[in-house]
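For reference, the structure discussed in these notes is given below.
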Amino acid sequence: MTLTQPVQKKQKHKKITVLPGFKLTIGYTILYISILILLPLSTLVWNTMQLSWSDFWSVITDPRVVASYKVTFGTALIAAVINVIFGTMIAWVLVRYHFFGKKVIDGLVDLPFALPTAVAGIALTALYAPNGWIGQFLPFQVAFTPLGIIVALTFIGLPFVVRTVQPVLENIGAEAEEASASLGANRFQTFTKVLFPELIPAIITGFTLAFSRALGEYGSVVFIAGNMPMKTEITPLMIMTKLEQYDYAGATAIAIVMLVASFVILFVMNTIQWLVSRKYTV
Amino acid sequence: MSITIQHVKKQFGDFKAVDDVSIDIESGELIALLGPSGSGKTSLLRIIAGLEQLDEGAILFDGENITEIHAKERNIGFVFQHYALFRHMTVFDNVAYGLKVRPRKTRPSKKEIKEKVTKLLSLVKLEHFGDRYPSQLSGGQRQRVALARALAVEPKVLLLDEPFGALDAKVRKDLRRWLRKMHNEFHVTSIFVTHDQEEALDVADRIVVMNKGRIEQVGPPEEVYDHPNSPFVYDFLGNVNLFKGRMQNGQLINGNYTVTVPEATATSEAEAIGYVRPHDLHIERQKSMEDAVSATIIYVHAIGPIVQIELHRDDIDEYLEAELSKEQFKQLQLKRGESVFIRPRQLKVFIPEDFSI
Amino acid sequence: MVLSIDQTDDKKKSKAAPTVLKEPKAVRITLTTISIAFLFIFLVMPLAVIFISALRKGFDVYVTSITEADAWSAIKLTLLVAVIAVPLNTLFGILAAWCITKFKFKGRNLLITLIDLPFAVSPVIAGLVFILVFGAQGLFGEWFLIHNFPIVFALPGILLASLFVTVPFVARELIPLMQSQGTQEEEASVSLGANGFQTFWHVTLPNIKWGLLYGIILCNARVMGEFGAVSVVSGHVRGLTNTMPLHIEVLYNEYQFTAAFAVASLMSLLAILTIIIKNIIEWKTSHH
């Protein structure tokens, strides 16, 4: 059959895609990203390579800078953990319970996404300053201490956890819970053994988003932190300080450390996420 | 319009979706592409439509090579598996779409479009549904809108991907009849993809049975059903009883059953399988012929005009299925647990080496 | 009769879970109270303190604070940046989402990661990189300086930093949406003879309009409110390169608290408006 007619083997057909615009859109996308993101970021790497190793090392290990890493990392971590606990609880309450004003409160959760960070910063400072609405009732100082930074970062990160956990909770059918109850589990057991495992991937995602946002956050923190060297200076502020002194090399070196650190954290969290979701996918 | 498919190949990565397929389709024919999922039938349909690009081969419409013509210029009507109705447009706008997007020179006037769409909607019995949105329609209604939309551009070829796949049994049957009627009226060359053999047998002029990207058999429904040319086609079109055994001197030996296979005299010892349709299995109370074997009735399913009987062979541990008409069944007065004799009226033997062809 | 029983059953189901799926009342009340208290302290009180502080010295002072020349120029600059940056990133988001969701190609996931990259970069670094490229000692700094076209400490720099920070916003909304909608409707459109633009305009755009609008308002909120990145590149020239958030900072650092909160209240109104639009969009999409 196939011998009757010599077919032009491997006749190359002109590439026609059914939907139009592939070349145009991908070309524009790559060009836009290159100019706006890749070129500037690679300049950062290029500038870093202009530094001698000893200069670079002395900048990034300067005690004041090292203290800022600790403050940034520590406060971001604590704030993310607070957000995981309260964010999950709020998502649960918003999905499962009915109470007056729920719609408004649900909408309000997005406030940190929509409110400029500087505005959040001055508002939180006003609240937690020693003479502020909340500050005056507290036996310890919040504003101008690491606690204040944690407050600001908790504010910034809250919607990330709520908005990743909420849709997952909404989509969990009642069946698994009913099965658990019919097998004799009490409510607490059902939550810890049936529901919570289902929420873990979303919680990890929410944690990662809140944490990485908190690491880089600047606007809301600078007002409430007090910016005391060795105590309440965050790393983005160190970059800012170097820039104000026209120390571009120093700013670049610290920026590269931050950038690498956030990529490593993202990579680690994605790996954990992958391991966890692999365990739970049926 | 006639369609010629020449040595079409399409590969997705390592997977050969369509592997050297050639078919000639005459103008006005209604063709069914039948096969299990993954057999390449949908890929072939999409290649004909121009929605997928082929790797090798050619597609000809009326002898003209259209392989490199873009889908929008092929003048085909395509009905998608899940209808792909424009969900934000009304039924009317959906049907009118193909006419409205024409370049100004060839675009009909608003009035003409309205007339045409109204006509099509009454044809698909949806004249009062023009203002509805797709989400407000039932599955069968959506299907008809999709068909009307495809017909609105007066295609020379109508391609349907699993047109009734997502509908329930009753609606399917109605729509099948209706598609046949439609086709007779418009007489546009039509190809539809299905994995439902009953649907293909019921509607098509010719059936193309596909498996693993290749064509197994092409022919009119009766021919494909009555004379399958491969075990696959036997298996895929309707139920079948297997008589697994050995070939010896041109005879298939299977338990106590022996049958002469004329076309296979040359073949000496080999494994072989005889294929018998349930309605080709003769049941009798008294052994009338030497080659009949005894079996026990284990279940009688007597609902409808055809009575299905499940049997267990007494000589070997194999189950058989037979189909009788109600009359025959009454005559024989068969009951569960009774012993009877069975004999294939028609049996086709395939030697497993053939399987890999 | 049977029908009515069924209906009440359904109503019950949709209103509240069966008792086996409920926590004890005390637990429910405790969880709800803690959640509301937490949200009250973290969200309601900051919002309240802004408006109360802004109006503390009376409405006249409030109006003067936001109509004073520097404030006014900050408002104008913020609007100008938004008017340029939001459409650019919207166009980018649409084109990027189109090529990523409607075609299969190698490096697709890498492209998505690159688009998301600005989320992982501190705003301060986003500002810094443009100083390194266009600043006086930067890569192209000298060239722009000679040609008397300042980028850093001027509008173009503010614009670039704002663009960088908000690149992912529209694309991020559209990609999952268009992914879930698939390509069938577009293919149907093409098979009916429509060209690319017609297909996009009549078929794709109506399907994504709410997601697109959502992406745009979020992008806008971030552009107008961006502080860190803009702070680095703006140079803080009062009345010239100060956006609204920078102006708030200046006022605050000069202890003009009422004025600072007055401008902040404007931005809070914008944030509230954003949230309201977002909720309208959600309502629209769930009821359509």
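The values are calculated or read from the model by the stated rules, or taken from the named source; none is laboratory data. Being a predicted model, the structure only gives us computed values, none of them experimental. Counting neighbours? That spans all protein chains shown, and the Cβs are built from the backbone with ideal geometry, glycine included. Areas reflect the complete protein model, heavy atoms only, side chains present, ligands, DNA and RNA absent. Shrake-Rupley method; radii C 1.70, N 1.55, O 1.52, S 1.80 Å.
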Worksheet item: Does A:Ala179 satisfy the criteria of being within 11 Å of chain C (Cβ to nearest Cβ), farther than 22 Å from C:Ser122 by Cα and in contact with a Gly (Cβ under 6 Å, 6 or more places away or on another chain)?
Response: no
Worksheet item: Given (1) of a type outside the set (Val, Ile, Thr); (2) touching a Phe, Trp or Tyr at 6+ places or on another chain (Cβ under 8 Å); (3) more than 9 Å from every other protein chain (Cβ to nearest Cβ); (4) open to solvent by 20 Å² or more (accessible area, probe 1.4 Å), where does C:Tyr255 come up short, assuming only one miss?
Response: (2)
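For region C:27-34, check the following and say yes or no: at least one residue is over 15 Å from C:Leu269 (Cβ atoms), buried (at least 19 other Cβ atoms within 10 Å of the Cβ) and among the β-branched types (Val, Ile, Thr). Walk me through how you get there before you give the answer.
First pass over region C:27-34, keeping only residues over 15 Å from C:Leu269 (Cβ atoms): C:27-34.
From what's left, buried (at least 19 other Cβ atoms within 10 Å of the Cβ): C:32.
Filter once more, keeping what is among the β-branched types (Val, Ile, Thr): C:32.
Looking for residues that are over 15 Å from C:Leu269 (Cβ atoms), buried (at least 19 other Cβ atoms within 10 Å of the Cβ) and among the β-branched types (Val, Ile, Thr), one finds at least one in region C:27-34, hence yes.
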Worksheet entry | Filtered residues of region C:103-134 (kept if of a type in the set (Gly, Ala, Ser), crowded, with 23+ Cβ neighbours inside 10 Å and in a loop (DSSP other than H, G, I, E, B)) | C:Ser122
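If I filter region C:54-63 for residues that are closer than 16 Å to C:Ala262 by Cβ and within 9 Å of chain A (Cβ to nearest Cβ), do I get at least one hit? Don't jump to the end; show me each part of the working.
Here is the first cut: in region C:54-63, the ones closer than 16 Å to C:Ala262 by Cβ are C:54-63.
From what's left, within 9 Å of chain A (Cβ to nearest Cβ): none.
Looking through region C:54-63, none of the residues is closer than 16 Å to C:Ala262 by Cβ and within 9 Å of chain A (Cβ to nearest Cβ).
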Worksheet item: Which condition does B:Pro108 not pass, out of (1) open to solvent by less than 50 Å² (accessible area, probe 1.4 Å); (2) closer than 22 Å to B:Leu179 by Cβ, if it passes all the others?
Response: (2)
Practice prompt. Select from region B:53-65 the residues that are surrounded by fewer than 19 Cβ atoms within 10 Å (Cβ to Cβ) and part of a loop (DSSP other than H, G, I, E, B) and write down the one among them that is nearest to the other protein chains (Cβ to nearest Cβ).
Written response: B:Gln53
Discussion item. Can you pull out every residue in region A:33-50 that is open to solvent by 40 Å² or more (accessible area, probe 1.4 Å) and of a type in the set (A, V, I, L, M)?
Written reply: A:Ile35, A:Leu38, A:Leu39, A:Val45, A:Met49
Response to the item:
Contact list, first residue from region C:117-131 and farther than 11 Å from A:Met240 by Cβ and more than 7 Å from chain A (Cβ to nearest Cβ), second anywhere and open to solvent by less than 10 Å² (accessible area, probe 1.4 Å) and of a type in the set (Lys, Arg), beta-carbon distance below 9 Å, six or more apart or interchain, is none
Practice prompt. Among residues belonging to region C:203-213 that are within 25 Å of B:Leu160 (Cβ to Cβ) and surrounded by 20 or more Cβ atoms within 10 Å (Cβ to Cβ), point out the one that is farthest from the other protein chains (Cβ to nearest Cβ).
Written response: C:Thr204
Worksheet item: Residue check: is B:Ala49 touching a residue at least 12 places away in the same chain (Cβ under 8 Å) and either within 7 Å of another protein chain (Cβ to nearest Cβ) or surrounded by fewer than 15 Cβ atoms within 10 Å (Cβ to Cβ) (or both)?
Response: yes
Item to complete: Return a yes/no flag: does region B:136-152 have any residue that is among the polar types (S, T, N, Q), open to solvent by 40 Å² or more (accessible area, probe 1.4 Å) and within 14 Å of another protein chain (Cβ to nearest Cβ).
Response: yes
Worksheet, complete the sentence: Considering residues that are out of contact with any strand residue (DSSP E or B) (no Cβ under 8 Å at 6 or more places or on another chain), open to solvent by less than 50 Å² (accessible area, probe 1.4 Å), of a type outside the set (Gly, Ala, Ser) and in a loop (DSSP other than H, G, I, E, B), the number found within region B:66-99 is 7
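Does region C:182-194 contain at least one residue that is farther than 30 Å from B:Ile76 by Cα, outside any helix (DSSP H, G or I), within 11 Å of another protein chain (Cβ to nearest Cβ) and not small (Gly, Ala, Ser)?
Our first condition is that a residue be farther than 30 Å from B:Ile76 by Cα; within region C:182-194, this holds for none.
The answer is no, given that none of the residues of region C:182-194 is farther than 30 Å from B:Ile76 by Cα, outside any helix (DSSP H, G or I), within 11 Å of another protein chain (Cβ to nearest Cβ) and not small (Gly, Ala, Ser).
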Worksheet entry | Every residue from region A:167-188 that is touching a residue at least 12 places away in the same chain (Cβ under 8 Å), open to solvent by 50 Å² or more (accessible area, probe 1.4 Å) and of a type in the set (Gly, Ala, Ser) | none
Worksheet item: Filtering region A:222-247 down to residues that are in a helix (DSSP H, G or I) and out of contact with any Gly (no Cβ under 7 Å at 6 or more places or on another chain), which residue is surrounded by the fewest Cβ atoms within 10 Å (Cβ to Cβ)?
Response: A:Glu244
Worksheet entry | Which numbered condition C:Val250 misses (of (1) under 17 Å from C:Leu47 (Cβ atoms); (2) surrounded by 14 or more Cβ atoms within 10 Å (Cβ to Cβ)) | (1)
Worksheet entry | region B:283-328, subset among the basic types (Lys, Arg) and within 34 Å of the chain's Cα centre (by Cα), residue surrounded by the most Cβ atoms within 10 Å (Cβ to Cβ) | B:Arg313
Worksheet, complete the sentence: Among residues of region A:120-159 being open to solvent by less than 20 Å² (accessible area, probe 1.4 Å) and not in a helix (DSSP H, G or I), the residue farthest from C:Leu266 (Cα to Cα) is A:Val142
